[in-house]
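A.B. asks: Below is the structure I would like to discuss, written out as structure tokens.
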Amino acid sequence: MHQTGILVIGGGIAGTATACYLAQYGHQVTLLEQSELAAEASGLNAGTLWATGWGHTPELSSTLSMGSLEVFKTLQLDLGHDLEFRQGGSLQAIQTEEEYAFAQQAVRELLARGHQVELLDGRDARSIEPALGPRILGCLYYPHGGSANPVKTVRALASLAQKHGATILTHHKVTGIAHLDDGAYQIITPPATFKASALVLAAGPWCRSLGAMLGLSIPVYAVRGQMWATAPVPPSIYHSIGALESHLYWHTHPYSRASGSPATSTGGRPATVKSSSAATGNWTPPKRPTGTASRPTALMRLNSFQSCRTSPSLAPGPVGCPLHAICTPSSARSPTSKISTYSQA
Ligand SMILES: Cc1cc2nc3c(=O)[nH]c(=O)nc-3n(C[C@H](O)[C@H](O)[C@H](O)COP(=O)(O)OP(=O)(O)OC[C@H]3O[C@@H](n4cnc5c(N)ncnc54)[C@H](O)[C@@H]3O)c2cc1C
């Protein structure tokens, strides 16, 4: 049996960052990942870093977002890891008058609290990001926002963790955990068994099943996301572009539909509804095959339409680079150059 101080399960951004900083503070750390590092959400996301500055009175969200930017700066600028990190600002596209009115209010509130954000009309937004389409009414512009390559970021954190003495073991799927009488944990993987005095579950949506091994109820569910990808193309979009639509939905329907199953194919926002309902434990996700491409639902077609309207270069056509793949996050391992949109369910 291998002995370790702290055992971290999961080789995504949460696990590798935890391992890195625990090791840096002198702890004996072992990280177990069932497949490769950054194999799941942490390697397949859009790499957007949202931030609005510290504000007059830093609270949790500004501390996390601005603190995270500092981590990226340290990794790339001070420690020499190429993360493709660029703090070039990020944009949230406004598509309707209702969203525009919401954006005006949001900007007023953020500025009053000392944050940095700007409401741009369509023309000014296109001067910052020419790839934006003419039908966009405007954008919220976050000058602190940025982006990074998620796979390179996870690998950099893992390599830094190793440099500080952590052991990183891929292809070690945890299949059993037991809490021992002496307070330590026994962790079983097919290649080896480990004993650790502390355990960190950083397994994303798999935390639920790992928690169950310890008798814990962790209400996190894996649900299908949507990701549209293009074939490899030269860079043409230079900012992360989000949609204000989701932001408005969350604002209007906080923790909505806490009971009952969510809609799945309407023009509403079932993706966020699913998350909130699942988080309250009142919704059981339907069984589905994992790791398989899906047929587009009405919502996915709507997302595709809106992405193409936001950035017409994504639309099918002789000069476009059409969105060509619809994948669940866990299956999207084909070589693609650009993640154009996602809706995380
Ligand atoms: C399409 C998409 C786009 C996104 N875009 C953004 C964005 O632009 N900006 C942003 O900030 N966030 C974004 N996110 C969210 C972000 O990717 C996640 O919040 C983050 O990656 C979660 O990291 P994690 O380490 O908690 O989980 P994961 O990345 O899921 O890592 C968990 C790891 O645990 C491993 N594991 C599971 N079970 C076991 C086991 N039994 N034994 C060993 N290992 C196990 C898994 O293999 C996996 O590697 C996006 C997410 C998706 C899906």
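A.B. asks: Taking segment 23-61 as the region of interest, how many residues are within 15 Å of the ligand (Cβ to nearest atom) and not hydrophobic (A, V, I, L, M, F, W, C)?
C.D. replies: The qualifying residues number 13.
A.B. asks: Quick one: in segment 25-63, which of the residues that are over 22 Å from Ile9 (Cα atoms) and of a type in the set (A, V, I, L, M, F, W, C) is surrounded by the fewest Cβ atoms within 10 Å (Cβ to Cβ)?
C.D. replies: Leu60
A.B. asks: Residues being acidic (Asp, Glu) and not in a helix (DSSP H, G or I): count how many of those fall in segment 51-87.
C.D. replies: 3
A.B. asks: Here's a follow-up. So, in segment 155-197, exactly how many residues are assigned to a loop (DSSP other than H, G, I, E, B) and either more than 14 Å from the ligand (Cβ to nearest atom) or among the aliphatic types (A, V, I, L, M) (or both)?
C.D. replies: 10
A.B. asks: Here's a follow-up. If the requirement is being within 14 Å of the ligand (Cβ to nearest atom) and in contact with a helix residue (DSSP H, G or I) (Cβ under 6 Å, 6 or more places away or on another chain), which of these qualifies: Leu83, Leu7? Working first, answer last.
C.D. replies: Working: Leu7 fails: in contact with a helix residue (DSSP H, G or I) (Cβ under 6 Å, 6 or more places away or on another chain).
So the residue among Leu83, Leu7 that is within 14 Å of the ligand (Cβ to nearest atom) and in contact with a helix residue (DSSP H, G or I) (Cβ under 6 Å, 6 or more places away or on another chain) is Leu83.
A.B. asks: Here is a follow-up. When Leu69 is evaluated against the numbered criteria (1) crowded, with 21+ Cβ neighbours inside 10 Å; (2) outside the structural domain of Cys308 (by TED's automatic domain parsing), which criterion, by number, is the only one it fails?
C.D. replies: (1) is the only condition that Leu69 fails.
A.B. asks: Does Thr16 fit the bill of being within 14 Å of the ligand (Cβ to nearest atom), surrounded by 20 or more Cβ atoms within 10 Å (Cβ to Cβ) and within 30 Å of Gln116 (Cβ to Cβ)?
C.D. replies: Against the criterion (within 14 Å of the ligand (Cβ to nearest atom), surrounded by 20 or more Cβ atoms within 10 Å (Cβ to Cβ) and within 30 Å of Gln116 (Cβ to Cβ)), Thr16 qualifies.
A.B. asks: Shifting gears a bit: Is it the case that some residue within segment 95-115 is in a loop (DSSP other than H, G, I, E, B) and touching a strand residue (DSSP E or B) at 6+ places or on another chain (Cβ under 6 Å)? Walk me through how you get there before you give the answer.
C.D. replies: Step one: filter segment 95-115 for residues in a loop (DSSP other than H, G, I, E, B), giving 95-96, 113-115.
Filter once more, keeping what is touching a strand residue (DSSP E or B) at 6+ places or on another chain (Cβ under 6 Å): none.
Taking every residue of segment 95-115 in turn, none turns out to be in a loop (DSSP other than H, G, I, E, B) and touching a strand residue (DSSP E or B) at 6+ places or on another chain (Cβ under 6 Å).
A.B. asks: Find all pairs meeting these conditions: Cβ atoms under 8 angstrom apart; at least six residues apart or on different chains; first residue within segment 175-186 and more than 13 Å from Ile6 (Cα to Cα); second residue assigned to a loop (DSSP other than H, G, I, E, B).
C.D. replies: That search, which allows pairs on different chains as well, returns Thr175/Thr189; Thr175/Pro190; Gly176/Met213; Ile177/Met213; Ile177/Leu214; Ala178/Met213; His179/Leu214.
The values are calculated or read from the model by the stated rules, or taken from the named source; none is laboratory data. Bear in mind that the values here come from a model prediction, so they are computed numbers and not experimental data. Positions of Cβ are backbone-derived with ideal geometry, glycine not excepted, and every protein chain shown enters the neighbour counts.
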